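Notes follow once the structure below has been shown.
The values are calculated or read from the model by the stated rules, or taken from the named source; none is laboratory data. If you're wondering where the values come from, they're calculated on a predicted model, not measured in any experiment. We place every Cβ from the backbone using ideal geometry, glycine too, and count neighbours over all the protein chains shown.
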């Protein structure tokens, strides 16, 4: 009897391993916590005065040029500089959706990325109007960020099934990530149905958003039936960028800001926050939600919880 029980445990573990790999294979792109460029090992003391070694996320500058014009220097973990550069310019309305990008050149040693377009560009006046964002690793946006916001009409056909939401949060929180390896980082995920497609992380959530925007543009991914998931707060910047990307549904495990809610309602963006386990709060665009799963169920395992699940809306 004991041998049979042990064999059943082994069978279940093997089945779970296959399921986990199948889930990981759903991602087009996902974090690589094993990349030695993204973390460093440092020594310190714990609460008992014992010497410990821990992983910390790297942070490096990246200066972005559009053609011959310097635009901004960003602090980033340094992965996917091409997607970050293109997405940043797109979300700042410096790249138009129909612009032809002829090259994206990254010099790792000089910490510079240059996006080259067929169209001649000159944003000297626009660069004078800078706004610091509310995110960590403070980002910079420019004063006319809202210039397209009121013109965008989000898809009325998009839907979010609650069983998709519960499945997505489990898959995303279980995937290997820099957050689970070292913390001090935000993640954003582009999803379709219950499948997570593109998972990006960075020290600022604005960078993670821009990486996804850049990937979508360079790979021709349509936004109209997608769901955007973030670990960070639902601020005005997050809402504006999601609307500019024309994604109709935005989900976070953290909380809201008042202006973020106001803008979401103005754009009829489906805005869902505090999505932890089987709990969530929707404050805008509720008509896209289909309640097809039991709201009661198991909570997140403690080792998979991020700060937002422990009452810290960061």
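Can you tell me which residues in the stretch 242-259 are more than 19 Å from residue 287 (Cβ to Cβ) and either in contact (Cβ under 8 Å) with a residue 40 or more places away in the chain or crowded, with 18+ Cβ neighbours inside 10 Å (or both)?
Matches in the stretch 242-259: 244, 245, 252, 253, 254, 255, 257.
Quick check on my filter: what residues within the stretch 268-283 are surrounded by fewer than 23 Cβ atoms within 10 Å (Cβ to Cβ) and farther than 18 Å from residue 168 by Cα?
Answer for the stretch 268-283, where residues must be surrounded by fewer than 23 Cβ atoms within 10 Å (Cβ to Cβ) and farther than 18 Å from residue 168 by Cα: 268, 283.
Does any residue of the stretch 300-314 turn out to be at pLDDT 75 or above, in contact with a strand residue (DSSP E or B) (Cβ under 7 Å, 6 or more places away or on another chain) and in a helix (DSSP H, G or I)?
Taking the stretch 300-314 and keeping what is at pLDDT 75 or above, we get none.
For the stretch 300-314, residues at pLDDT 75 or above, in contact with a strand residue (DSSP E or B) (Cβ under 7 Å, 6 or more places away or on another chain) and in a helix (DSSP H, G or I): absent.
Restricting attention to the stretch 276-291, and to residues there that are at pLDDT below 95 and touching a helix residue (DSSP H, G or I) at 6+ places or on another chain (Cβ under 8 Å), which single residue is nearest to residue 243 (Cα to Cα)?
276
Looking only at helices (runs of 4 or more DSSP H) that lie completely in the stretch 140-240, which have at least 3 residues being touching a helix residue (DSSP H, G or I) at 6+ places or on another chain (Cβ under 9 Å) and under 24 Å from residue 267 (Cα atoms)?
Counting at least 3 such residues, we get 205-219.
If you check every pair at least six apart or on different chains, which have Cβ atoms under 7 Å apart with a residue in the stretch 97-121 that is on the phi < 0 side of the Ramachandran plot and without any contact (Cβ under 8 Å) to a residue 40 or more places away in the chain first and a residue that is crowded, with 16+ Cβ neighbours inside 10 Å and in a loop (DSSP other than H, G, I, E, B) second?
What qualifies is 119/99.
Name every residue in the stretch 90-103 that is at pLDDT 95 or above and either surrounded by 15 or more Cβ atoms within 10 Å (Cβ to Cβ) or within 16 Å of the chain's Cα centre (by Cα) (or both), in order of residue number.
101
Can you give me the number of residues within the stretch 172-205 that are in contact (Cβ under 8 Å) with a residue 60 or more places away in the chain and in contact with a strand residue (DSSP E or B) (Cβ under 8 Å, 6 or more places away or on another chain)?
20
Might you check whether a residue that is closer than 12 Å to residue 201 by Cβ, surrounded by fewer than 15 Cβ atoms within 10 Å (Cβ to Cβ) and in contact (Cβ under 8 Å) with a residue 12 or more places away in the chain occurs anywhere in the stretch 34-48?
Yes, that holds for at least one residue.
Would you point out the residue of the stretch 95-114, among those that are in contact with a strand residue (DSSP E or B) (Cβ under 6 Å, 6 or more places away or on another chain) and in a loop (DSSP other than H, G, I, E, B), that is nearest to residue 74 (Cα to Cα)?
111
Got a number for residues in the stretch 180-191 being under 12 Å from the mean Cα position of the chain (by Cα) and under 13 Å from residue 231 (Cα atoms)? Spell out how you get there, then give the answer.
Residues of the stretch 180-191 under 12 Å from the mean Cα position of the chain (by Cα): 185-191.
If we keep only those that are under 13 Å from residue 231 (Cα atoms) too, we end up with 185-190.
The total comes to 6.
Does residue 235 satisfy the condition of being surrounded by 14 or more Cβ atoms within 10 Å (Cβ to Cβ), on the phi < 0 side of the Ramachandran plot and at pLDDT 95 or above?
No: the conditions fail for residue 235.
Could you tell me how many of the residues in the stretch 139-161 are more than 17 Å from residue 246 (Cβ to Cβ), crowded, with 17+ Cβ neighbours inside 10 Å and modelled with pLDDT of 90 or more?
Looking only at that region, the number is 0.
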